[in-house]
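See structure below.
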Amino acid sequence: MSEKVRPKALVLPGDNPTDRPPVGPPMIERLGLGVCSPGRGQTMSDRNLSIRRMLLPRDTNPHGYIFGGAILAEIDLAGAIEAARHTKHAVVTKFMNGISFDLPVKMGDTVTLYTTLTHVGETSLTIKVEVEASRNGEVAPVAVVATEVVYVAVERDAEGNLHRVPVLD
Ligand SMILES: CC(C)(COP(=O)(O)OP(=O)(O)OC[C@H]1O[C@@H](n2cnc3c(N)ncnc32)[C@H](O)[C@@H]1OP(=O)(O)O)[C@@H](O)C(=O)NCCC(=O)NCCS
């Protein structure tokens, strides 16, 4: 009986612990993972990678084009993820800036959503969401849509109604 040969572990660049860049604040900043501590009325500039995913047949309309609503849902989710980085309150979507899809997004494209906190109001956070698509087989991503979304910090009263609360308290 022949002896089983165990495959050697695949070693990739960076797998050697001595090759790895040090983890710490500089690494966190490079990856855009730093969480801001915004003040009311301030404008922030950190752009964070929020969501990256491939578009599948479930994202297409009956004619085979990517359904705009599928992208809108991702935009709303990406913005909500960014908002949750900055407030402990639940947030609801109040306003989405005019959206124009100027370039097609295709099934099999990978969409990447970047978010930037652009304004801290009294009860609201404004998040810029930028969507890029990487075409199957193409290296450079293309910018397909960008918008600003306003989220309002809310609580429910005894009757279950939403009412807005200071976003930073
Ligand atoms: C969120 C909600 C409680 C806010 O109630 P409201 O008192 O009517 O809120 P307002 O219209 O006064 O605005 C609240 C904040 O949003 C901002 N805002 C409202 N409309 C805006 C617009 N068109 N553009 C930019 N900001 C806007 C206001 O400036 C305010 O921010 P600030 O407190 O930081 O100054 C209420 O509108 C609601 O329940 N909406 C439904 C939310 C929801 O369910 N969303 C999911 C989608 S169905």
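Values quoted throughout were computed directly from the atomic coordinates according to the rules given, and no laboratory measurement underlies them. Treat the numbers as computed from the prediction; the structure is a model and nothing was measured. In this analysis, Cβ positions are derived from the backbone assuming ideal geometry, glycine residues included, and neighbour counts consider all displayed protein chains.
A compact table of results
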| item | result |
| --- | --- |
| Residue match in the range 112-130 (condition: among the hydrophobic types (A, V, I, L, M, F, W, C) and within 11 Å of the ligand (Cβ to nearest atom)) | yes |
| Selection from the range 43-70 of residues that are out of contact with any helix residue (DSSP H, G or I) (no Cβ under 8 Å at 6 or more places or on another chain), closer than 13 Å to Thr112 by Cα and of a type in the set (A, V, I, L, M) | Leu49, Met54 |
| Condition check for Ala140: surrounded by fewer than 19 Cβ atoms within 10 Å (Cβ to Cβ) and more than 15 Å from Glu74 (Cβ to Cβ) | yes |
| Complete set of residues in the range 78-98 that are within 20 Å of Ala143 (Cα to Cα) and loosely packed, with under 15 Cβ neighbours inside 10 Å | Asn97, Gly98 |
| Of residues in the range 143-169 being among the hydrophobic types (A, V, I, L, M, F, W, C) and closer than 27 Å to Pro104 by Cβ, the one surrounded by the most Cβ atoms within 10 Å (Cβ to Cβ) | Val149 |
| In the range 71-111, the residues that are small (Gly, Ala, Ser), assigned to a loop (DSSP other than H, G, I, E, B) and within 12 Å of the ligand (Cβ to nearest atom) | Gly98 |
